[in-house]
Amino acid sequence: MARYTGPRCRLCRREGSKLFLKGDRCFSEKCAFERRSYAPGHHGQGRIKVSDYGIRLREKQRVRRIYGVNESQFRRYFEMADRQKGVTGTNLLVLLEKRLDNVVYRLGFADSRAQARQLVKHGHIRVNGIKVDIPSFQVKVGDEITLREKSKDIIHVVQALEAVARRGVPDWLELDADNKKGTVKSIPERTHITMPIQEQFIVEFYSK
């Protein structure tokens, strides 16, 4: 499955909630979801009865789109989570949170996960001083995330760090904004994920 390259605001409207895919725009009056909160398309404003299967499918699609992974990747994450000890739904969210592109976004080096993915793929990110250009790389406790020296003055990075105060940095990460450096303090917990996600629906979707 190819990566989605269409209008991102359309995805928020399709899922019926703000997915915060476009950074600052999502907090402004220009947000398309604020102006048109109904689903896109000719029948978007119609009354649609959603089945139990449809509810679970939409939750799976919503989380997949929040983290920007395709279907095959998301399925692999679920299988990995299912094999681990503990609650499968929580394990799934922890695996998604530990992705390098998500960590770069959470630290405030990027305005959105899509922008963070681009920084990683273009070689701007270092993990413990070593270049890592794989967005799905799983960070570990103690890892130090930094920007390449020449990348610290990229205008998008500077603007994103100025705006990070609005959404904050989760407790499992530590940001040194002056040196543009972040550290993984601990494994993320379910309480650190503040978006309204019902992971049990995803477990039920894949368990059928």
Worksheet item: Which of 124, 107, 74 sits closest to the plus end of the dipole of region 73-132, meaning its Cα is farthest towards the positive end, when Lys and Arg get +1 and Asp and Glu get -1 on the C-beta?
Response: 124
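Once you keep just the Cα pairs under 8 angstrom separated by 6 or more residues, what percentage relative contact order results for region 100-187? Intermediate values should be presented prior to the final figure.
Details: 143 pairs, mean separation 27.6, N = 88.
This gives 31 percent for region 100-187.
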Practice prompt. May I ask you to evaluate 6.51 cos²θ - 1.76 cosθ + 1.60, the Karplus curve with θ = phi - 60°, for each residue of region 172-180 and list the ³J(HN,Hα) values in order in whole Hz, giving x for glycine and proline?
Written response: 7, 10, 10, 10, 10, 5, 4, 9, 6
Worksheet item: In a shell of Cβ-Cβ distance under 13 Å around residue 208, excluding residue 208 itself, what net charge do Lys and Arg (+1) and Asp and Glu (-1) give?
Response: 0
Worksheet item: Quick one: which of 98/152; 60/181; 140/181; 98/185 span more than 21 angstrom between C-alpha atoms?
Response: 98/152; 60/181
Fill in: Base-10 log of normalised Debye intensity for region 100-187 (one unit scatterer per alpha-carbon) at q = 0.12, 0.18, 0.26 Å⁻¹
-0.28, -0.66, -1.54
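Every read-out reported here was derived from the displayed coordinates using simple, explicitly stated rules and does not represent laboratory data. Quantities reported herein were computed from a predicted structural model and do not represent experimental measurements. Don't worry about glycine lacking a Cβ; one is built from the backbone with ideal geometry, like all the others, and counts go over all protein chains shown.
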